[in-house]
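The numbers here are math on the coordinates, done by the rules we state, and not lab data. Just so you know, these numbers come straight off a predicted model, no measurement behind them. With ideal geometry, Cβ positions are generated from the backbone for all residues, glycine too; neighbour counts draw on all protein chains shown.
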Amino acid sequence: MRKNIVAGNWKMNKNFPEGIELIKDILEQSKNVDKAELIVSPPYIFLSEAASLLSNSTIGLAAQNCSNQESGAYTGEISSSMINSVGANHVILGHSERRAYYGETDELINQKIKLCIANSLKPIVCCGEVLQERENEEHFTVVAKQLKGMFENVSPEEFKNVIIAYEPVWAIGTGKTASPEQAQEIHEFIRETIKNSYGSELANNLSILYGGSCKPSNAKEIFAKPDVDGGLIGGAALNANDFIAIAQSF
């Protein structure tokens, strides 16, 4: 059976003392969550300490990105094997901000997916359309193209390790939110697309997270939809009370 998952993407927020305090707060409050798996994704500088703090808990730990290279002269990059070595178990890949600001392509993300899985990390792979694509009713075409490119030559055995997050890019940081019906429609489409590529069993076991301005006030209604298995949370993940309230929405 697929898991309910609430993952918190901190993006480039919190200095070290603030971040450690947030992890401790989430850890303390996580005992009140019993229907969802929690994952926290702080900046790289927190990963080692976070892994130590979370070592006796069920909370997962994700890096926000990784290199598409195994090692070498790539100044400023962090490899998937490095991330694994400090105790993280997930990596967010293909986030819309990485695409928009750093020009990441489906091909590049595909390389990262393969390296992550080879290094025993579970990728949280993002897909989704921008506002103009939604307004032009191109969202299905855009998402299908992204999925095809990102999972090119990813085997069914490798795909078992994948989580997908749908991001309506037009709803991130804008205050707009996809309606529960819009979220269900595209999540169902993603599951059907994966079924066509990998079969019913893998598609039915795949967790698909909603990643567009999810907060305590709307999470319950969105998570109630049959193909929405949780959320990739941005701003609300920076507050332990809000993050836990979202996880309690199942």
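Before moving on, here are some points about what is shown:
- Approximate shape of the chain as ellipsoid semi-axes (Cα gyration tensor, √5λ), whole Å, largest first: 25, 23, 17
- With Cα atoms as the point set, the range 188-242 shows a radius of gyration and Dmax of 13.2, 39 Å.
- Residue-by-residue Karplus 3J(HN,Hα) for the range 20-34, coefficients 6.51, -1.76, 1.60, Hz, glycine and proline x: 5, 5, 5, 4, 5, 5, 5, 4, 5, 7, 5, 5, 8, 10, 10
- Alpha-carbon Debye profile of the range 60-109, log10 I(q)/I(0) at 0.28 Å⁻¹: -1.14
- Of interest is the spacing of the C-alpha centroids, which for the range 136-187 and the range 83-131 amounts to 13 Å.
- All-pairs Cα distance distribution in the range 14-163, expressed in whole percent, bin size 10 Å: 11, 36, 33, 18, 2
- Cα pair distances of the range 210-250 binned at 5 Å [whole percent]: 6, 29, 38, 20, 5, 1
- Near Cys214: Cβ cut-off under 11 Å, other residues only, Lys/Arg at +1 and Asp/Glu at -1. The net charge is -1.
- Of Lys24/Lys114; Lys112/Lys195; Lys148/Lys220; Lys24/Lys215; Lys31/Lys195, those spanning more than 27 Å from alpha-carbon to alpha-carbon: Lys24/Lys114; Lys148/Lys220; Lys31/Lys195
- When you filter the chymotrypsin sites (Phe, Trp or Tyr not before Pro) in the range 1-95 for DSSP loop state and at most 13 other Cβ atoms inside 10 Å of their Cβ, you are left with Tyr74.
- Taking every Cα-Cα distance in the range 1-97 and sorting them into 5 Å bins from zero, the calculated P(r) comes out as 2, 12, 24, 24, 19, 11, 5, 2, 1, 0 percent.
- Hydrodynamic radius by Kirkwood, which averages 1/r over all alpha carbon pairs of the range 134-196, in angstrom: 13.0 Å
- Overall form of the range 82-157: prolate. Here a/c, set by the Cα gyration tensor axes a ≥ b ≥ c, is 1.5 or more, and a/b is the larger of a/b and b/c.
- With the convex hull drawn over the C-alpha atoms of the range 138-250, the volume per residue is 103 Å³.
- Amide hydrogen neighbours beyond the local backbone of Gly8, cut-off 5 Å, H modeled: Ile39, Val40, Ser41, Ile233
- Each other residue within a Cβ distance under 11 Å of Ser200 adds +1 if Lys or Arg and -1 if Asp or Glu, for a net charge of 0.
- Point-charge dipole on Cβ atoms (K/R +1, D/E -1) for the range 19-133, about Cα centre, debye to 20: 260 debye
- Which of Glu104, Glu18 has the fewest Cβ neighbours within 10 Å, and the rest in rising order: Glu18, Glu104
- Ranked by how many other beta carbons lie within 10 Å on average, peptides 158-166, 94-102 from highest: 158-166, 94-102
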